[in-house]
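Report on the following structure.
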Amino acid sequence: MARTIAWASALSALLLVHTIAAVAQQPESPSPSQSPSPMPTQQLKIGAGDLVEVTMFQDADLSGRYRVDENGDIVVPLLGTVHLAGLTAEEAAKLLDKKYVEAQILQPGEARASVFITEYATQGIVVNGEVKIPGVYPALGVRTLNDVITAAGGVTQAAASKVVITHRNDPSDQITVEYNPEALHPIVPEVQIHPGDTIMVPRAGIVYVMGNVIRSGGYVLDGRRTLTVEEVMALAGGTGRAAALKRVQLIRTLEGGRKEAITIPLNLIYKGQAPDVALTDGDVVFVPTGTGKLALEQALTSTLQIGTQIAVYRTGTY
């Protein structure tokens, strides 16, 4: 009897060890705090001109397709006019359920509406501004900002590192987001773009350096309000041989399109004997060669080259 009890105890202990080992080997299930939180989604809302499909599961005679009129309304059987503009499909279904019950057409347990937005009035997404192929791009559902801009060929060299988005459902509230996929640490936000939305890629400010410099061209004021003459000369690699540093010309466009020429003593700026000059969008710095007799004439002529076969450089990401 004692031997039997001993064998039973040993067997129980062995089973207990195996159970503990099996539990220890099971992978831990991630806690709610460890699981990645999904990105918030913005549901599409019904607007004028959209085509909605209403399905009443308890009564096929109350189902159908309806075009939302300019007032945001549809006309459904037995209820008449129902305002749906500004609602999501789920919200519209709940509203129809409520109205059928309130009208005593259906019982509370019978009202089961389903609404699907079959067609949007504006299926396309408008992309304009500093993209390579501006236009209207099809969107039968939600797309991401980067997908749409990529479809438009990407941004141009003159694009600012921000994008302005206007949602069809809220045209008065424009959204500005950082967007610079070419930066050292790319900024590509996962913003949702809906049918009917507009994407505007604004132009960054540009200053131009022409004449006797190592690298002439346009320099983007990306993230900057201004560049100074000394800074832009450094970006241009400095001046070439026999450059007339005393007679550098700054060509600035004034209101009405009139141009003003200002002589900049670059030699004194380099020595710290003259204040540096801040440049603004559209300024042209021209470095003449030699005596500079024709410096002004050459500078004004050089401005005609801007926009035609001129390289554009980015000053960096700030």
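The values are calculated or read from the model by the stated rules, or taken from the named source; none is laboratory data. Note that this is a predicted model, so its numbers are computed, not measured. Virtual Cβ from ideal backbone geometry, glycine too; neighbours counted across all protein chains shown.
A few comments on the model shown:
- Restricting region 144-163 to residues that are in a loop (DSSP other than H, G, I, E, B) and not small (Gly, Ala, Ser) leaves a set whose member that is nearest to the chain's Cα centre (by Cα) is THR156.
- The requirement of being under 30 Å from GLN123 (Cα atoms), modelled with pLDDT under 90 and touching a Phe, Trp or Tyr at 6+ places or on another chain (Cβ under 6 Å) is fulfilled nowhere in region 94-106; no residue meets it.
- Cβ-Cβ distances below 6 Å connect the following pairs, each with a first residue in region 65-93 that is in contact (Cβ under 8 Å) with a residue 60 or more places away in the chain, a second residue that is in a strand (DSSP E or B), and a separation of six or more residues or different chains: GLY86/LYS45.
- Residues of region 76-94 that are crowded, with 16+ Cβ neighbours inside 10 Å and not in a loop (DSSP other than H, G, I, E, B): VAL76, VAL82, THR88, ALA89, ALA92, ALA93.
- Options THR253, THR291, THR303; residue that is in the same structural domain as ALA234 (by TED's automatic domain parsing), surrounded by fewer than 14 Cβ atoms within 10 Å (Cβ to Cβ) and modelled with pLDDT under 90: THR291
- Residue in region 166-177 that is touching a Pro at 6+ places or on another chain (Cβ under 8 Å), modelled with pLDDT of 90 or more and not in a loop (DSSP other than H, G, I, E, B) present: yes
- Scan of region 144-187 for residues that are farther than 12 Å from THR198 by Cα, in contact with a Phe, Trp or Tyr (Cβ under 8 Å, 6 or more places away or on another chain) and of a type in the set (A, V, I, L, M), ordered by number: ALA151, ALA152, VAL155, ILE187
Conditions (1) within 21 Å of TYR120 (Cα to Cα); (2) loosely packed, with under 13 Cβ neighbours inside 10 Å, marked per residue:
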| site | (1), (2) |
| --- | --- |
| VAL155 | no, no |
| ALA160 | no, no |
| SER172 | yes, yes |
| VAL191 | yes, no |
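- Note on region 40-60: residues that are within 14 Å of GLU110 (Cα to Cα) and either at pLDDT 80 or above or touching a Ser or Thr at 6+ places or on another chain (Cβ under 7 Å) (or both) amount to 4.
- Number of the condition not met by VAL101 [criteria: (1) without any contact (Cβ under 8 Å) to a residue 12 or more places away in the chain; (2) outside the structural domain of ASP197 (by TED's automatic domain parsing); (3) assigned to a loop (DSSP other than H, G, I, E, B)]: (3)
- Count of region 105-128 residues which are part of a loop (DSSP other than H, G, I, E, B) and either under 30 Å from ASP147 (Cβ atoms) or not hydrophobic (A, V, I, L, M, F, W, C) (or both): 9
- Here ILE269 fits the description: under 20 Å from TYR208 (Cβ atoms), in a helix (DSSP H, G or I) and at pLDDT 90 or above.
- Annotation note: of PRO134, PRO138, PRO77, the sole residue that is of a type outside the set (D, E, K, R) and over 29 Å from THR166 (Cα atoms) is PRO77.
- Every residue from region 113-133 that is within 19 Å of PHE57 (Cα to Cα) and without any contact (Cβ under 8 Å) to a residue 60 or more places away in the chain: ALA113
- Residue list for region 119-142, filter: under 12 Å from LEU44 (Cα atoms), surrounded by fewer than 19 Cβ atoms within 10 Å (Cβ to Cβ) and modelled with pLDDT of 75 or more: GLU119, VAL142
- Among the residues listed as LEU95, LEU84, LEU51, the single one being out of contact with any Asp or Glu (no Cβ under 9 Å at 6 or more places or on another chain) and not polar (S, T, N, Q): LEU95
- Taking region 187-257 as the region of interest, the strands (runs of 3 or more DSSP E) fully inside it that hold 3 or more residues being closer than 30 Å to ILE46 by Cβ and of a type outside the set (Gly, Ala, Ser) are 198-201.
- Condition met for GLU110 (touching a residue at least 40 places away in the same chain (Cβ under 8 Å) and over 23 Å from ASN169 (Cβ atoms)): yes
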